[in-house]
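Note sheet for the following structure.
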């Protein structure tokens, strides 16, 4: 009996276990500190605000989580798509340009934005699956290209949008809950169901777990990885409506913050999973917590540059912890 | 010569006297005003640039001086983050908000604050939802820089303009629009199309690269001036590019006149020939005082204009640098 204890205790409290739980511990400590320093952080109105502000990050995280599930969570060679925020920004730019500058009807603006998103999805899939580029580099390149095209489309200028559809997403409340939060919740449920509850999702996880094993069991791994990039572009497309609504228009440069929060939230989300793997629901929870952290820091008057520094450090800890867990598992 | 120097000296002491009197009367006025017991949100789009930082600190210091408790939020030069920060001020239940700069994304936030009974005092951002906007005399700035630039190139030539924000920010619309209005009377001046678009977040470096590209496109003798339509941080990069390319014959004009750009203007043979200097700290202070006036029951005009100082050439750059309290060049 004592022998069993002496084996399990060090496993639970070993340096490795502590290191992989580090992001979660740091986050909980930070949130407790913020909850004490900024008492209004737990007000229903502030929680509503946190949920509302987190929506664009939540939706891009759905895409990144899907890609990581399919490609494996090795930060360098596994699945990653850094271009999702750029896809959101290019779609938002097209929507804003079409609705405001050209007076196009909503359906044609949406159709054009969808074409851009499909192009991004196909481009990433070709670069990674057909050409065999590392997802990190491929999607970084496509992200830079998309931001460049956005600047051409918008002439690098802000475009205001006051279309009723965008205003609805921005301002409407259903039973006291912002409509954006409800719509995003539907997307979250759909992604969770697709990735974690369907046969397709199981195959996706199998590919991410071990591509060789998946291939041996007859799963078309390349096709599934390509589909994950396509789904990620779809998430970028969906996020564009929330980006547009949040800013009442498209603003150049909004992809930078979104990228930072997306990576932080998705890999932080892995810390919530018992096996320390990236999951859709974990990424969503991560996105809400990252926003709560931003709102909390601002509420207690922390300098915005320190907030950036803290977020950067957290990304480092989260990614290092993910890499460490991956190495320990292998 | 000595008489000349005495005249300049006496002019300076008079100017200093008037300045001191204005400051003192400001302080006296401030003494009657109070923000005691009030929580005042102060939101700024960013603090990387001198202007933004000075206006922000001016507002914060004046809120404290008047007995109020400032709640500062900084957008880190991201207009979206700046807009979202107003939601945080709303949930913090502040008594008033001083909002410095920002684009159209802040409008629905102002509307929400107004709906919650929180008065908004804007700086350099005229809004239908604000009580009052404190700003420089942008109309004077736009026309003056138009005249100075036209004079600097002898009333004719090709001019490139960095003008990304004319349609997005009203202050830029006024400044760039009136600069163009003045140039209508100089048919010999041609504005190169398409206009250049600066990336405000990374202004000097971005402007340096774009100017080097422009200089390749327009060889010596085919470009006479580069104007920055709304501010002057990009002009730092423009001057760097002109010096790198040995093209300091191209004149540079811009608006804002902080210490960094006035120093460049004051250098011998600087291509940066004209500017209009603002008083950002005074603007921030005035916005805070306007909030106090509002709480004291005074009715405010929609806009409060703060004086600017036109700067034409290196000597005026040195004089304005000293006058605005940045030191001696």
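Please work out if residue A:242 is part of a helix (DSSP H, G or I) and more than 14 Å from chain B (Cβ to nearest Cβ). It would help to see each step written out before you state the result.
Working: part of a helix (DSSP H, G or I): yes; more than 14 Å from chain B (Cβ to nearest Cβ): no.
The answer is no for residue A:242.
Among the residues in segment B:113-124, are any buried (at least 21 other Cβ atoms within 10 Å of the Cβ), more than 7 Å from chain A (Cβ to nearest Cβ) and free of Cβ contacts under 8 Å to residues at least 40 places away in the same chain? Yes, some residue in segment B:113-124 is buried (at least 21 other Cβ atoms within 10 Å of the Cβ), more than 7 Å from chain A (Cβ to nearest Cβ) and free of Cβ contacts under 8 Å to residues at least 40 places away in the same chain. Looking at this structure, is residue A:325 touching a residue at least 24 places away in the same chain (Cβ under 8 Å), within 11 Å of chain B (Cβ to nearest Cβ) and in contact with a helix residue (DSSP H, G or I) (Cβ under 8 Å, 6 or more places away or on another chain)? Here the answer is no, as residue A:325 does not meet what is asked.
Are any of the residues in segment B:59-68 within 11 Å of another protein chain (Cβ to nearest Cβ) and within 21 Å of residue A:306 (Cα to Cα)? Talk me through it step by step, then tell me what you get.
Keep residues of segment B:59-68 that are within 11 Å of another protein chain (Cβ to nearest Cβ), which gives B:60.
Within this subset, residues satisfying the condition of being within 21 Å of residue A:306 (Cα to Cα) are B:60.
Checking segment B:59-68: at least one residue is within 11 Å of another protein chain (Cβ to nearest Cβ) and within 21 Å of residue A:306 (Cα to Cα).
Candidates are the residues of segment B:245-262 that are crowded, with 18+ Cβ neighbours inside 10 Å and outside any loop (DSSP other than H, G, I, E, B); the one that is farthest from the chain's Cα centre (by Cα) is B:251.
Before we move on, is residue A:293 more than 15 Å from the chain's Cα centre (by Cα) and in a helix (DSSP H, G or I)? Yes: the conditions hold for residue A:293. In a residue-by-residue description of segment B:308-325, the property of being out of contact with any strand residue (DSSP E or B) (no Cβ under 6 Å at 6 or more places or on another chain), farther than 20 Å from residue B:266 by Cβ and either touching a residue at least 40 places away in the same chain (Cβ under 8 Å) or not in a loop (DSSP other than H, G, I, E, B) (or both) applies to no position. Only one of the numbered conditions (1) within 16 Å of the chain's Cα centre (by Cα); (2) at pLDDT 95 or above is violated by residue B:149, and that is (1).
Output the helices (runs of 4 or more DSSP H) that fall wholly within segment B:145-244 and possess 1 or more residues being within 14 Å of chain A (Cβ to nearest Cβ) and over 25 Å from residue B:278 (Cβ atoms), or say none.
Details: elements: B:170-183, B:203-217, B:233-244.
Counting at least 1 such residues, we get B:203-217.
Of all residues in segment B:69-104, those being in a helix (DSSP H, G or I), at the interface with another protein chain (Cβ under 7 Å from one of its Cβ atoms) and touching a strand residue (DSSP E or B) at 6+ places or on another chain (Cβ under 7 Å) number 3. Cβ-Cβ distances below 6 Å connect no pair with a first residue in segment B:241-261 that is outside the structural domain of residue B:214 (by TED's automatic domain parsing) and within 18 Å of residue B:145 (Cα to Cα), a second residue that is modelled with pLDDT of 90 or more and in a loop (DSSP other than H, G, I, E, B), and a separation of six or more residues or different chains. Here residue A:317 fulfils each of the conditions (1) touching a helix residue (DSSP H, G or I) at 6+ places or on another chain (Cβ under 6 Å); (2) within 14 Å of another protein chain (Cβ to nearest Cβ) apart from (2). Residue-level check: of (1) modelled with pLDDT under 95; (2) part of a helix (DSSP H, G or I); (3) crowded, with 17+ Cβ neighbours inside 10 Å, residue A:256 misses just (3). Yes or no: segment A:129-148 includes at least one residue that is in contact with a strand residue (DSSP E or B) (Cβ under 7 Å, 6 or more places away or on another chain), within 14 Å of chain B (Cβ to nearest Cβ) and at pLDDT below 95. No, there is no match, as no residue in segment A:129-148 is in contact with a strand residue (DSSP E or B) (Cβ under 7 Å, 6 or more places away or on another chain), within 14 Å of chain B (Cβ to nearest Cβ) and at pLDDT below 95.
Have a look at A:67, A:115 and point out the one that is assigned to a helix (DSSP H, G or I), out of contact with any strand residue (DSSP E or B) (no Cβ under 8 Å at 6 or more places or on another chain) and surrounded by 15 or more Cβ atoms within 10 Å (Cβ to Cβ).
Details: A:115 fails: surrounded by 15 or more Cβ atoms within 10 Å (Cβ to Cβ).
Residue meeting the stated conditions: A:67.
Look at (1) closer than 30 Å to residue B:294 by Cβ; (2) modelled with pLDDT of 95 or more; (3) over 16 Å from the mean Cα position of the chain (by Cα) and you find that residue B:178 fails only one, number (3).
Taking (1) more than 9 Å from every other protein chain (Cβ to nearest Cβ); (2) outside any loop (DSSP other than H, G, I, E, B) in turn, residue B:107 satisfies each apart from (1). Screening residue B:290 with (1) at pLDDT below 95; (2) out of contact with any helix residue (DSSP H, G or I) (no Cβ under 9 Å at 6 or more places or on another chain) gives one miss only, at (1).
Here's the yes/no breakdown for (1) surrounded by 16 or more Cβ atoms within 10 Å (Cβ to Cβ); (2) at negative phi; (3) modelled with pLDDT of 85 or more:
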| site | (1), (2), (3) |
| --- | --- |
| B:4 | no, yes, no |
| B:53 | yes, yes, yes |
| B:77 | yes, no, no |
| B:93 | no, no, yes |
| B:108 | yes, yes, yes |
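Only one of these is farther than 30 Å from residue A:215 by Cβ, within 14 Å of chain B (Cβ to nearest Cβ) and either surrounded by 12 or more Cβ atoms within 10 Å (Cβ to Cβ) or modelled with pLDDT of 80 or more (or both): A:89, A:25. Name it. Break it down into steps so the answer makes sense when it comes.
On the way: A:25 fails: within 14 Å of chain B (Cβ to nearest Cβ).
Exactly one of A:89, A:25 is farther than 30 Å from residue A:215 by Cβ, within 14 Å of chain B (Cβ to nearest Cβ) and either surrounded by 12 or more Cβ atoms within 10 Å (Cβ to Cβ) or modelled with pLDDT of 80 or more (or both), namely A:89.
Taken together, A:298, A:311 contain a single residue that is within 14 Å of another protein chain (Cβ to nearest Cβ), touching a strand residue (DSSP E or B) at 6+ places or on another chain (Cβ under 7 Å) and free of Cβ contacts under 8 Å to residues at least 60 places away in the same chain, which is A:298.
The values are calculated or read from the model by the stated rules, or taken from the named source; none is laboratory data. As the structure is a computational prediction, the values presented were derived from the model and not from experiment. For neighbour counting, all protein chains shown are included, and Cβ atoms are generated from backbone atoms with ideal geometry for every residue, glycine included.
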